[in-house]
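Please treat every number below as a calculation from the coordinates, not as lab data. Source: prediction; values computed, not measured. Using ideal geometry, Cβ is built from the backbone for each residue, glycine included, and neighbour counts are taken over all protein chains shown.
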Amino acid sequence: MSDLQALQRRVTQLEELLMHQEQLVEHLNETVVQLRAEVDGARAKLEDQLARLESLVEAQANPLDPNEKPPHYLAGKTKTCNREGISAERNTRCVAF
């Protein structure tokens, strides 16, 4: 085999190797893009859950309005309620006894 043929063969091998490397890089890039989308989705869900948890914790910390009268206080009074069970006065829920 002459030097020229050996050199051509070596160039061909390098070109094949380069093609395989390019395909591998493209595949890895697609994987990174897919994983990034999954991470972004998981991050959004986590942020939503954290916001929900914070609101629940806040609601538990301040369960009652200090100016709101308890339901048993209003039991003897007549209230006008709509179909959804909301009273007209102070937008409070009707309590059935």
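Rounded to a whole number, what is D in µm²/s for the stretch 3-63 from Stokes-Einstein with the Kirkwood radius over alpha-carbon pairs (25 °C, 0.890 mPa s)? Result for D is 153 µm²/s. In debye to the nearest 20, how big a dipole does the stretch 3-63 give about its Cα centre with +1 on each Lys and Arg Cβ and -1 on each Asp and Glu Cβ? Around 100 debye, computed over the stretch 3-63.
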